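Computed from the coordinates by the stated procedures, all read-outs in this text should not be read as laboratory data. Just so we're clear, the structure is a prediction, and the values are computed from it rather than from any experiment. No Cβ is skipped: glycine too gets one built from the backbone with ideal geometry, and neighbour counts run over all protein chains shown.
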Amino acid sequence: MTTLHHEHPTHQHSHGADCGHRAVPHGDHVDYAHDGHLHREHAGHWDECEPAGHTAHEGHAHAHSAGCGHDTVPHGDHVDYLHDGHRHAEHDGHYDDH
């Protein structure tokens, strides 16, 4: 899975431990959930941190839902669930890695 590099040029807010937005560990960096999408710091600016393509999470037997015990992150038109160090989103009867 690759991540698109889309700079968020008008992002004036600096994210950090006490900024009020959810920090989401993502590979080798931290994303911040803000305005329905995820931002990451990169080379002195903020990028949209969105996956490219469709990556199904194979062998995911747990069904996520309200009260399942995993944190949620609003993401566009759906909700991602934080699980095992990454985000899952339900899609066509399976879960995708985000």
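Observations on the structure shown:
- Computed from backbone phi, the HN-Hα couplings of region 63-77 come to 8, 7, 6, 4, x, 6, x, 9, 5, 10, 9, x, 8, x, 9 Hz, rounded to whole numbers (Karplus: 6.51 cos²θ - 1.76 cosθ + 1.60, θ = phi - 60°; Gly and Pro given as x).
- Amide H contacts under 5 Å for Y95: H57, restricted to partners 5 or more places along the chain or on a different chain, H placed in the peptide plane at 1.01 Å from N.
- Vicinal HN-Hα couplings computed from phi for region 32-46 (Karplus, 6.51 cos²θ - 1.76 cosθ + 1.60; Hz; Gly/Pro x): 10, 6, 7, 6, x, 9, 10, 10, 9, 6, 8, 6, x, 9, 10
- Residues whose amide H comes within less than 5 Å of that of H83, counting only those at least five positions distant or on another chain, are H88 (H built at 1.01 Å from N in the peptide plane).
- Of the residues H70, A43, G27, the one whose Cα sits farthest toward the positive end of the charge dipole of region 27-81, with +1 on the Cβ of Lys and Arg and -1 on the Cβ of Asp and Glu, is H70.
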